[in-house]
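This report refers to the structure that appears directly beneath it.
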Amino acid sequence: MQAAGGDRLIAFGVSRLDTSRASRLRGAVVERRAGLPTVRHQRNHGLTSTTSTTALTRAKAKSMCLAEQLKPFKIDNDNKQIVFQEPELFSQGFPIFEEIRRQGKLCDVTLKIEDQTFSAHRIVLAATIPYFHAMFLTNMIESKQKDITMQGFDAVALEALINFAYSGKVTLNKDNVQSIMMGASFLQLNKVRDACADVLKSHLQPHNALGICSFADRLSCPALVKEATKYIHQYFHHVSLSEEFLTLPLNELRELICKDELYVVSEAQVFEAVLRWVKHKEERIEYLPKLLILVRLPLLSPEYLVDHVAKEELIKRSHECRDLLDDAKDCHLMPERKHLLESFRFRPRLCNDLVGDIFAVGGLTKYGNSLSTVEVYDPFKCTWRRSEAMTMDRSRVGVAVHQNKLYAFGGYNGLERLATVEVYHPALRSWKIISPMHYKRSAVGTTALLDYLYVCGGYDGVISLNIVERYCPATDKWQILRPMNKHRSAGGVIAFEGYIYALGGHDGLSIFDSVERYDPQTGIWTTVKPMLTRRCRLGVATLYGKLYACGGYDGSTFLQTVEVYDPQKDTWEFVAPMNMMRSRAALVANMGKLWAIGGYDGISNLSAVEVYDPRSNTWSFAAPMCAHEGGVGVGVIPNPYC
């Protein structure tokens with residue numbers, strides 16, 4: 001016992017033949033701290049197997065000897081417990097698991113796919129992948145198999161997800177994201193699946209949006225389905241020009257074209273999309289009547305119905321299609337009969353989730369001077385920048401968007417009220433003067449509906465007006481319509497559910513809470529439910545089927561209150577107030593939210609902007625304008641210009 005190290009080992013019950021166990025735990029070295037031996041595992045830094053085995057053997061011998069020498073001792077009676085935790089244990093442990101796997105050590109399962117195999121550890125797979133947790137911890141036959149064949153899997157995706165089980169990392173790109181997302185869904189790795197969905201969201205394009213939406217639906221990924229659907233609605237026209245659109249099944253096409261949320265500059269885009277789909281395959285012709293009834297033909301102009309729809313050969317050949325065309329013509333010839341048709345057929349489409357550039361037009365400096373300045377808010381960069389200026393100064397200007405063009409009506413140039421009108425073409429990046437209104441006016445309400453732009457009320461420098469005019473861009477001509485029931489200056493005007501609504505305002509003597517609406521089919525103004533608060537210089541907008549009125553002035557107070565009208569209930573109710581008082585508030589809907597821009601708080605003109613989220617009923621501040629001090633007109637042009 002006293003001589004060779006081997007004799008000493010035998011004395012402690014460990015023979016030289018047992019050193020193979022030690023070699024499997026190589027890398028263990030012995031440190032002596034405060035007289036006690038400690039085993040520390042580390043990577044083998046240049047030590048041979050023989051060297052590390054010898055070190056481990058000696059360490060074990062000394063440890064057993066020391067154990068015999070140590071005697072237990074008493075500790076004071078104390079029930080207090082100390083929990084020691086090593087925070088880095090898990091983060092340091094998994095890289096070692098990964099290294100052991102790469103060395104092919106301790107692996108106890110092999111996953112096979114096609115002609116490739118992947119070795120792994122059951123305990124790691126069961127701990128990190130829900131699918132394997134269920135497989136290995138139940139009585140499934142695979143729980144006892146050494147080799148497991150994976151069906152319907154892409155080999156590259158399986159390898160990436162096995163590596164993820166060890167490292168917590170996976171690299172996603174346009175070439176592998178689909179196969180990895182399918183694999184992650186199969187293995188129930190929901191966070192990996194959602195990360196793949198985020199990648200696909202960033203790659204949505206008109207040519208692939210329908211495919212991504214269908215792919216996400218099959219993998220039960222509702223967040224991606226929602227984003228893809230919103231994209232399809234916003235860019236419907238471009239999507240309808242894609243190959244994917246032509247391969248849609250009939251039921252999916254019907255479901256799509258019946259949506260109110262489609263963004264189209266004209267219902268003609270829906271009609272033409274249906275014709276492209278039908279003509280793509282001859283056997284589809286029989287489906288045309290079922291599809292045409294979902295196209296809102298009464299929203300098309302009489303000229304388009306006669307020059308395009310009526311002359312289409314497929315329409316001529318179908319008795320059912322001709323009947324639908326006659327119904328649309330009757331709506332124009334005898335508008336009092338439109339109640340005989342299903343209401344959706346003459347309800348304008350409205351894309352609430354439209355993402356566009358917000359244009360702030362004209363307005364005032366902090367000294368009250370009129371401006372020709374235009375600036376635009378980029379919703380992706382969340383910043384304002386200068387855009388092309390109008391041809392003349394305009395404050396208290398009416399602004400509306402029609403077919404992706406921005407119109408500026410009337411206003412005040414610092415000397416007189418204006419009848420002039422100009423239009424901005426975003427593709428040309430320039431303003432152009434068009435036919436003037438019949439009446440000069442500022443503080444005017446404007447909006448667009450179907451083929452026309454409407455101008456209501458305002459102030460001509462002497463009196464508040466009740467005069468209404470309608471502009472047709474196709475002919476560049478103005479038409480005088482039936483006047484409003486009240487003279488309204490600084491009122492709110494908005495198109496809503498096929499009507500033109502005029503809200504609040506004043507007549508020079510009284511400020512109104514009253515609301516009236518114009519039916520373009522009958523040419524009649526009708527008084528409807530009044531607001532809860534009288535308001536002039538208010539902002540109005542529509543969002544998700546409701547009508548909002550914000551801010552303004554009630555004759556004594558500059559307002560920050562906001563109220564909403566629900567046409568289903570025919571009721572107004574207050575929602576969360578703005579963070580600031582705003583008279584001359586400009587309100588616009590964009591990205592599923594309301595944007596209150598500029599205004600006057602009773603002391604100074606405002607450049608501040610705040611945003612209302614109807615889901616949370618809260619207002620939050622956004623980037624302020626960079627070139628205006630309030631009194632602007634606003635409009636949203638889709639981005640890109642659909």
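The values are calculated or read from the model by the stated rules, or taken from the named source; none is laboratory data. Predicted model, so just to flag it, every value in this text is computed and none were measured. Here Cβ is always computed from backbone atoms with ideal geometry, including for glycine, and neighbour counts include all displayed protein chains.
For this structure, a couple of remarks:
- Count of region 261-305 residues, restricted to those that are in contact with a helix residue (DSSP H, G or I) (Cβ under 8 Å, 6 or more places away or on another chain), closer than 18 Å to residue 450 by Cα and loosely packed, with under 15 Cβ neighbours inside 10 Å, is 2.
- Residue ID - nearest to residue 467 (Cα to Cα), chosen from residues in region 405-429 that are under 30 Å from the mean Cα position of the chain (by Cα) and surrounded by fewer than 23 Cβ atoms within 10 Å (Cβ to Cβ): 423
- Of the strands (runs of 3 or more DSSP E) lying entirely inside region 380-464, the ones with 1 or more residues being of a type in the set (Val, Ile, Thr) and touching a strand residue (DSSP E or B) at 6+ places or on another chain (Cβ under 9 Å) are found at 383-386, 398-402, 421-425, 430-434, 445-449, 452-456.
- Residue check, residue 439 in contact (Cβ under 8 Å) with a residue 12 or more places away in the chain, touching an Asp or Glu at 6+ places or on another chain (Cβ under 9 Å), surrounded by 21 or more Cβ atoms within 10 Å (Cβ to Cβ) and on the phi < 0 side of the Ramachandran plot: no
- Odd one out for residue 625, checked against (1) assigned to a loop (DSSP other than H, G, I, E, B); (2) out of contact with any strand residue (DSSP E or B) (no Cβ under 6 Å at 6 or more places or on another chain): (2)
- Among the candidates 157, 216, residue that is among the hydrophobic types (A, V, I, L, M, F, W, C), in a helix (DSSP H, G or I) and in contact with a Gly (Cβ under 6 Å, 6 or more places away or on another chain): 157
- Screening region 559-586 for residues that are in contact with a Phe, Trp or Tyr (Cβ under 7 Å, 6 or more places away or on another chain), hydrophobic (A, V, I, L, M, F, W, C) and part of a strand (DSSP E or B) and picking the one that is surrounded by the most Cβ atoms within 10 Å (Cβ to Cβ) gives 562.
- Residue ID - nearest to the chain's Cα centre (by Cα), chosen from residues in region 362-378 that are of a type in the set (A, V, I, L, M) and closer than 16 Å to residue 391 by Cβ: 374
- Residue under evaluation residue 198, criteria (1) free of Cβ contacts under 8 Å to residues at least 24 places away in the same chain; (2) within 22 Å of residue 113 (Cα to Cα); (3) among the charged types (D, E, K, R); (4) in a helix (DSSP H, G or I), criterion not met: (2)
- Selection of region 476-528 for residues being more than 24 Å from residue 405 (Cβ to Cβ) and β-branched (Val, Ile, Thr) yields 511, 515, 522, 524, 526, 527, 528.
- Selection status of residue 90, in a helix (DSSP H, G or I), among the aromatic types (Phe, Trp, Tyr), on the phi < 0 side of the Ramachandran plot and at pLDDT below 85: yes
- Residue that is under 30 Å from residue 150 (Cα atoms), buried (at least 16 other Cβ atoms within 10 Å of the Cβ) and either outside the structural domain of residue 170 (by the TED database) or modelled with pLDDT of 85 or more (or both), where the choices are 113, 96, 123: 113
- For the residues 552, 498, the requirement of being at pLDDT below 95, touching a Lys or Arg at 6+ places or on another chain (Cβ under 9 Å) and assigned by the TED database to the domain that holds residue 598 singles out 498.
- Residues that are in contact with an Asp or Glu (Cβ under 6 Å, 6 or more places away or on another chain) and not in a strand (DSSP E or B), drawn from region 485-521: 485, 487
- Just one of (1) at positive phi; (2) free of Cβ contacts under 8 Å to residues at least 40 places away in the same chain; (3) not β-branched (Val, Ile, Thr) fails for residue 249. It is (1).
- Looking across region 558-591, the residues that are without any contact (Cβ under 8 Å) to a residue 24 or more places away in the chain and polar (S, T, N, Q) come down to 560, 568.
- Qualifying residues in region 483-500 (those that are touching a Phe, Trp or Tyr at 6+ places or on another chain (Cβ under 8 Å) and closer than 19 Å to residue 569 by Cβ) - the one surrounded by the most Cβ atoms within 10 Å (Cβ to Cβ): 494
- If the condition is being assigned to a helix (DSSP H, G or I), closer than 21 Å to residue 253 by Cβ and of a type outside the set (D, E, K, R), then region 299-336 contributes 299, 308, 309, 314, 315, 321, 324, 325, 328.
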